[in-house]
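K.L.:
Quick one: the structure is below, and I'll ask about it shortly.
The values are calculated or read from the model by the stated rules, or taken from the named source; none is laboratory data. These figures come from a predicted structure and were not determined experimentally. Positions of Cβ are backbone-derived with ideal geometry, glycine not excepted, and every protein chain shown enters the neighbour counts. Remember, those area values only see protein heavy atoms, side chains included, never the ligands or the DNA or RNA. Shrake-Rupley method; radii C 1.70, N 1.55, O 1.52, S 1.80 Å.
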Amino acid sequence: MIRFESVTVRYPGAASPVLQDVTFEVAEGELCLVVGQTGAGKSTLLRAVNGLVPHFTGGTMAGRVLVDGRDTRTHRPRDLADVVGVVGQDPLAGFVTDTVEDELAYGMESLGLPPEVMRTRVEETLDLLGLAGVRGRPIASLSGGQQQRVAIGAVLTTHPRILVLDEPTSALDPQAAEEVLAALQRLVHDLGVTVLLAEHRLERVVQYADRVVLVHGTGHALEVGPPAQMMARSTVAPPVVALGRLAGWEPLPLSVRDARRMAGPLRERLAPLRPPVRAGVPRKPASNGRRSAATGEAPADTVNTVDTVATVHELTVRYGGRRSAQPPAVRDLDLDVAAGEVVALMGRNGAGKSTLLGSLVGLVRPVAGTVQVGQADPVDPATAKPRAIARAVGLVPQDPGSLLYAETVAQECAQADRDFDAPAGSCARLLERLAPGVSPDRHPRDLSEGQRLCLVLAVVLTGQPPLLLLDEPTRGLDYTAKARLTRIVRDLAAAGHGVVFATHDVELVAEVATRVVVLADGEVVADGPVGSVVAASPTFAPQVAKILRPLPWLTVADVAAALEPAS
């Protein structure tokens with residue numbers, strides 16, 4: 001169905017090709033997973049399937065790609081639209097209508113399908129992806145995860161024979177990701193759809209793959225083979241594989257179920273041991289700030305007992321203003337963030353995580369309640385001037401490219417140094433720590449999604465704000481880049497910065513968070529240390545916790561550290 005024949009792709013100005021002499025095939029009805037580090041060329045590989053490379057990206061391509069017998073050198077993307085459906089990393093970049101239902105129908109209208117067929121497919125897709133409740137909503141009002149599902153649905157309604165997806169679960173909560181992957185499984189198994197999928201969160205998808213394409217990057221040959229074989233040699237691997245390597249399991253397990261069957265002896269070795277205690281900050285938990293019916297006073301647990309970098313009191317946010325008929329996105333919420341604390345905001349898509357972050361940086365104005373950010377001289381982000389806000393709090397949004405304006409990476413870094421009165425080269429050094437090897441002469445739009453996120457993070461960190469906000473910070477990051485991000489977050493917390501990040505990445509939470517706040521419908525439903533909140537949760541528990549349950553272990557690193565003295 002898809003055939004690469006000696007494909008080499010080189011972008012203008014690049015010293016070496018991003019893909020070199022790539023040859024492999026993907027059969028009909030196969031789910032093929034593309035794996036590799038950030039910037040290795042995965043997105044380029046995917047874009048070559050429908051002709052975006054090189055027709056729209058520029059550069060040169062040697063060799064050829066055949067898609068259902070059509071040569072992409074002579075068939076432009078519009079000539080392949082009836083065969084190939086593509087969902088990119090940035091869903092907003094692909095939307096052409098304003099509402100969910102219109103977006104799902106647009107592709108079918110372009111193909112000239114009858115209205116009765118369109119109506120049936122729209123209904124099926126709404127149910128398949130859990131979007132029926134937002135069918136009439138403006139796309140701009142949806143959460144990032146809901147927008148991701150709309151982007152996938154807009155492609156599914158056209159019933160493509162080949163489906164190409166770049167990071168399809170990156171912005172989805174665990175339950176929504178499972179639903180999307182289950183839908184892809186049905187398409188592959190029941191309808192014979194061919195799926196080519198690139199994903200960094202391998203813990204979610206590797207067990208579903210029929211084959212894995214391992215992209216090593218410039219100067220290295222591409223490898224294709226069975227998932228277990230490729231995971232054994234891959235430099236990026238999910239926790240279940242990393243734990244299998246540590247324990248010496250053969251064959252390497254790809255799912256929690258397979259790992260649990262092999263984990264009996266490991267659990268026996270760990271039973272008398274205890275995981276390290278995650279360093280935290282003594283504090284009182286968050287609440288929804290409702291006053292006591294008996295006394296009329298705020299609950300005692302809202303009183304702050306430590307130095308804070310953010311204070312939220314009875315915050316209510318409703319999109320559309322006070323008179324809007326929409327329910328509040330956040331309601332009566334109290335939250336203190338202490339200096340040195342790393343707080344993970346979790347919850348399903350649309351729970352209010354991004355809204356809360358937007359309120360902390362002044363992008364969202366509350367209809368009730370108060371917000372203060374900063375340490376020495378706190379400010380109200382809803383009324384303070386931008387420069388004062390930037391000194392108190394920094395936000396890395398879900399779409400990092402929205403903060404980039406310069407023509408080159410070097411210009412972005414130099415501007416950040418000037419904006420924050422930082423020594424020359426400060427931003428560039430931060431970027432090198434986050435994403436080594438990014439050329440200073442490249443245009444930010446030519447970077448991979450992960451590299452672009454690292455550039456924005458470097459820009460924000462140049463100002464050393466007391467409070468750092470991250471919205472889905474690991475979207476587009478491989479495990480190596482995520483480990484570098486984890487170290488930087490820990491260093492910031494150790495230096496007294498408060499960090500709040502909204503995420504669906506349970507593995508990141510297990511690695512770096514000292515505290516977890518779970519939101520549902522704009523309210524706090526759980527707040528506490530990471531171990532007590534996520535370990536027992538069937539939804540938010542990391543893979544190691546599921547494999548070793550009922551033992552209280554969260555990460556492979558913790559297990560390795562505990563076993564090292566005994567080995």
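K.L.:
Which entries in the list Lys482/Lys546; Lys42/Lys546; Lys385/Lys482 go over 28 Å, if you measure between the two C-alpha atoms of each?
P.N.:
Pairs exceeding the cut-off: Lys42/Lys546; Lys385/Lys482.
K.L.:
Carbon and sulfur atoms: what percent of the 1.4 Å accessible area of segment 308-536 do they account for?
P.N.:
Carbon plus sulfur share of accessible area: 52 percent.
K.L.:
Taking the Cα centre of the chain as the origin and placing charges on Cβ (Lys, Arg +1; Asp, Glu -1), which of Ala154, Thr125, Ala494 is farthest toward the positive end of the dipole?
P.N.:
Farthest towards the positive end: Ala494.
K.L.:
Note the listed values [x] 144; [y] 162; [z] 193, then indicate which one is volume of the Cα convex hull per residue in Å³ calculated from this particular structure.
P.N.:
[y]
K.L.:
I'd like the isolated cysteines in the chain, meaning no second cysteine's beta-carbon lies under 4.7 angstrom from theirs.
P.N.:
Among the cysteines of the chain, those whose Cβ sits 4.7 Å or more from every other are Cys32, Cys454.
K.L.:
Relative to the Cα centre, what is the charge dipole magnitude of the chain, using +1 at the beta carbon of each Lys and Arg, -1 at the beta carbon of each Asp and Glu, and rounding to the nearest 20 debye?
P.N.:
Roughly 680 debye, rounded to the nearest 20.
K.L.:
Additional query: Just report the Cα centroid separation between segment 212-235 and segment 16-69, whole Å.
P.N.:
15
K.L.:
For helix 479-494, what angle does its Cα long axis make with the longest principal axis of the chain, in degrees from 0 to 90 and rounded to 10?
P.N.:
Roughly 10 degrees between the two axes.
K.L.:
Let me ask something else. How large is the charge dipole for segment 2-236, taken about the Cα centre, if only the Cβ atoms of Lys, Arg (+1) and Asp, Glu (-1) carry charge, to the nearest 20 debye?
P.N.:
The dipole of segment 2-236 has a size of about 640 debye.
K.L.:
What accessible surface, in Å², does a 1.4 Å probe find on Tyr208, ignoring ligands, DNA and RNA and rounding to the nearest 10?
P.N.:
80
K.L.:
Also: Accessible area per residue for the chain in Å², computed with a 1.4 Å probe and the full protein assembly in place, what is it?
P.N.:
Normalised by residue count, the accessible surface of the chain is 42 Å².
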